Amino acid sequence: MKRFWSLFLVMGFVLLFMVACSEDNTKEDETQTEEGTTSEDTTEGAESSGTIKVGVLASLTGALESYGKQTQKGFELGLEYATNGTMEVAGKKIEVVWEDTETKPEVAVQKATKLLEDDGVDFLVGSSSSGDTLAVLPLAEEYEKIMIVEPAVADSITGSEFNPYIFRTARNSSQDAYAAAAAIAGEGVKIATFAPDYSFGWDGVTAFKEAAEELGAEIVAEEYADPAATDFTSNLQKIVEAKPDYLFVVWAGANSPWNQIADLKLQEKGIKISTGAPDIVALGMMGPLVGMEGFSVYYHTLPNNEVNDWLVEEHKARFNGEVPDLFTPGGFSAAVAIVTALEKSGGDADGNTLIPLMEGMSFETPKGTMTFREEDHQALQTMYSVRLETVDGFDYPVPVLIRELSPEETEPPIMN
């Protein structure tokens with residue numbers, strides 16, 4: 001969410017594992033499929049035992065650890081939900097192998113190669129970082145394995161770097177921009193934008209501007225600040241002078257402009273603030289923005305469906321009363337997508353068999369129905385127009401639903 005953290009980095013990859021087989025070690029290879037020997041040996045072992053193996057790449061340590069852990073909890077709960085607790089599909093057991101990318105693209109490539117060669121996985125899922133994910137995409141095509149992208153958001157994943165084995169349950173950056181525009185833009189509405197002065201900020205504003213202008217809004221000011229700055233007074237004064245109805249902010253990082261926006265009393269001057277509502281920890285830093293109108297990818301009280309009800313209830317029961325957070329439903333959705341695809345194929349995990357079955361496939365998630373668009377395999381999905389409000393019992397501003405933004409409203413352009 002406009003925690004808008006995407007690195008656009010593509011790394012080369014190396015195949016790290018080579019084995020010379022001999023008559024003497026054949027028996028040992030056959031009995032060690034759990035560790036893996038070669039991709040061929042391990043895959044044969046999985047097929048004979050009737051097991052579907054899923055390799056999940058996530059940031060389980062480091063700066064994005066919280067995202068990786070949310071994805072992990074969601075994925076495990078999603079598998080349980082989709083299989084009615086059996087952890088089987090089409091008569092085959094589902095086994096999951098987790099690998100920590102450490103949010104380093106070179107490590108992601110090493111771990112993905114290990115999953116494909118040593119573990120002989122049938123699917124890849126991940127990753128928490130767009131940089132990690134972009135580095136791994138070529139491996140999915142090389143090994144002809146379906147990769148479910150979650151939660152990485154870079155447009156290029158289903159755009160310029162797309163290959164047919166890639167399907168994404170995560171929303172992309174353009175969906176964020178279209179949701180942001182749908183939440184506030186309209187005929188005659190005047191909007192100013194504020195963002196960091198580098199590609200992340202430029203791309204975010206460009207996508208938002210296009211979507212907002214399509215809805216009839218006018219962009220009256222665009223301000224960009226040094227991403228390392230701590231004083232944004234001059235930028236914000238120019239925005240005040242432009243007299244917009246809304247200020248749309250694209251920002252990521254600890255040196256956020258929220259306190260200065262509050263100090264300058266922009267909302268009291270009639271300028272409504274708009275941005276994406278992030279995860280619960282980050283919401284705790286948005287106290288000055290009570291009353292803000294923006295959008296949300298997910299907050300546990302926003303969706304109204306049986307799948308989300310199940311997720312919230314089970315998450316609370318298993319994790320000491322904690323509610324699912326921003327990236328939990330994404331992990332859940334990725335798991336449901338895999339099970340749904342295997343149900344369609346009768347348990348056949350061959351990538352080339354699954355591609356035509358998954359194109360246009362719809363499946364039920366905590367956010368409602370998602371559908372993989374045939375052209376680029378991006379999941380179209382519901383987003384939420386929200387207002388941050390003070391709610392008794394919560395020590396952070398709570399995103400309260402204004403209205404659901406339909407998959408059609410937030411559908412991004414096809415970029416591949």
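Structure notes:
- Mean residue ellipticity at 222 nm, helices only, the chain: -11000 deg cm²/dmol; runs of at least 4 DSSP H residues each add -39,500 (n - 2.57), and the sum is divided by the number of residues.
- Net lengthening on full extension, Glu322/Asn84 (0.36 nm per residue, minus Cα-Cα): 83.4 nm
- Between helix 39-48 and the chain: long-axis angle, C-alpha atoms, 0 to 90°, nearest 10: 80 degrees
- Ranked by the mean number of other Cβ atoms within 10 Å of their residues, highest first, the peptides 123-129, 354-360 fall in the order 123-129, 354-360.
- With Cα atoms, 0 to 90° folded angle of helix 233-242 axis to the chain main axis: 70 degrees
- A Förster radius of 25 Å combined with the Cβ-Cβ distance from Met415 to Glu141 puts the calculated FRET efficiency at roughly 0.90.
- Counting protein heavy atoms only, the chain has 47 percent of its accessible area on carbon and sulfur, 1.4 angstrom probe.
- As a rough guide to protection, the peptides 230-236, 157-163 ranked by mean Cβ packing within 10 Å, highest first, stand as 157-163, 230-236.
- With the convex hull of the Cα atoms taken as the outline of region 293-374, the averaged projected area works out to 6.6 nm².
- Taking a ≥ b ≥ c as the square roots of the eigenvalues of the alpha-carbon gyration tensor, region 155-205 is classed oblate because a/c is 1.5 or more while a/b is no larger than b/c.
- Entry comment: accessible area of region 93-219 is 28 Å² per residue, from protein heavy atoms only and a probe of 1.4 Å.
- In straight-distance terms, cross-link reach from Lys111 covers every one of the lysines whose alpha-carbon lies under 21 Å from its own, apart from those fewer than eight places away in the same chain; here that gives Lys53, Lys69, Lys73, Lys145.
- Helix 105-117 vs. the chain, principal-axis angle (Cα, 0 to 90°, nearest 10): 30 degrees
- Take every pair of alpha-carbon atoms less than 8 Å apart whose residues are at least six positions apart; their mean separation over the length of the chain yields a relative contact order of 19 percent.
- Considering the chain at the alpha-carbon level, its Rg and Dmax are found to be 22.3, 81 Å.
The values are calculated or read from the model by the stated rules, or taken from the named source; none is laboratory data. It should be emphasised that the depicted structure is a prediction, and the values quoted were computed from it without experimental measurement. Because the Cβ atoms are built from the backbone with ideal geometry, glycine has one as well, and the counts that use them run over all protein chains shown. Just so you know, the surface numbers come from the protein's heavy atoms only, side chains and all, with ligands and any DNA or RNA stripped out. Shrake-Rupley method; radii C 1.70, N 1.55, O 1.52, S 1.80 Å.
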